[in-house]
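Peer 1: Supplied in C-alpha cells, the structure appears directly below.
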Amino acid sequence: MQAGLQDRVIQTYEGCMYMDFAQSLLEERGYGDYVRLPIENLPLLWLAFLSDPSNSGKMHNNIKSRWAQGDQEVLDAMRQFGAFTDQAREALGRKDWKGLGEAMSANFALRRRVYGEATLGEANLKMIAVAEEAGLPVKFPGSGGAVVGMATTEEACAYCTYCTYCTYCTYCTYCTYLP
C-alpha cells in the first residue's frame, strides 16, 4: 500500500484536519499547513467499506508519473482538488451542508474523470452509486475500498444502510474524536 502525505498527516494528528499541500510550503519547509477543524461543525457522516479493499497503488495508477511529467490535466485536477478542500472547509465553518455536499460530489466527479473508472474499480463505484441513488453526497476518503458520505436525513441514512448491505459492504455512521 502506498501512503501519501494525507495518509501520514491524518495518522499523526487524527481527528478532523484541514490540509494544505501548497507546493511553496512543501518546497520551503518540507510539509504543508495542517489545521484541526472543530468536530462540532461536522454533519452526520457515514462510511461504507469493502471487506477486501482495492490496492492503493492500483488506485493511484499512473497519476504520480503523469504529475512528474507535467501532464496539464493532472496538474489542473490537483489544483482543483485543493480548491474543493477550501470550499469544504468554508462550508463546514458556516454549517452549509448543501455547499459541503456540492464540494464532495464535485471532488468525486473530478476523480472519476482523471483517474478513470477502470482504475477506480467496479466495487468502489457500486458504493458510490448507492449513495448517489439516495441523493447523498459521497466521495472517497482515501485511495479506495471505502467511501464517506453525508447523510441529509435519518431516512436517507437508513436507506443507505440497507443498500450497502445489499451490495456486500460494511456501513457505519462516522464519529470523529479528538485525540
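The values are calculated or read from the model by the stated rules, or taken from the named source; none is laboratory data. Since the model is a prediction, treat every value here as computed from it, not as a measurement. Using ideal geometry, Cβ is built from the backbone for each residue, glycine included, and neighbour counts are taken over all protein chains shown.
Peer 1: Search the range 27-54 for residues that are among the β-branched types (Val, Ile, Thr) and pair each with any residue that is surrounded by fewer than 18 Cβ atoms within 10 Å (Cβ to Cβ) and not in a strand (DSSP E or B) when their beta-carbon atoms are under 6 Å apart and the residues are at least 6 apart or on different chains.
Peer 2: Going by the 6 Å Cβ cut-off, the qualifying pairs are ILE39/THR176.
Peer 1: Among MET104, MET78, which is among the aliphatic types (A, V, I, L, M), within 20 Å of TRP46 (Cβ to Cβ) and either part of a helix (DSSP H, G or I) or more than 16 Å from the chain's Cα centre (by Cα) (or both)?
Peer 2: When all the criteria are applied, what remains is MET104.
Peer 1: Next question, about the same structure. Of the numbered conditions (1) at pLDDT below 90; (2) surrounded by fewer than 13 Cβ atoms within 10 Å (Cβ to Cβ), VAL130 satisfies every one except a single condition; which is it?
Peer 2: Tallying (1) at pLDDT below 90; (2) surrounded by fewer than 13 Cβ atoms within 10 Å (Cβ to Cβ), VAL130 fails exactly one: (2).
Peer 1: Can you tell me which residue within the range 19-44, out of those that are acidic (Asp, Glu) and outside any helix (DSSP H, G or I), is surrounded by the fewest Cβ atoms within 10 Å (Cβ to Cβ)?
Peer 2: This residue is ASP33.
Peer 1: Test ALA88 against the criterion of being closer than 16 Å to LYS139 by Cβ, in a helix (DSSP H, G or I) and out of contact with any helix residue (DSSP H, G or I) (no Cβ under 6 Å at 6 or more places or on another chain), and give yes or no.
Peer 2: No, not satisfied.
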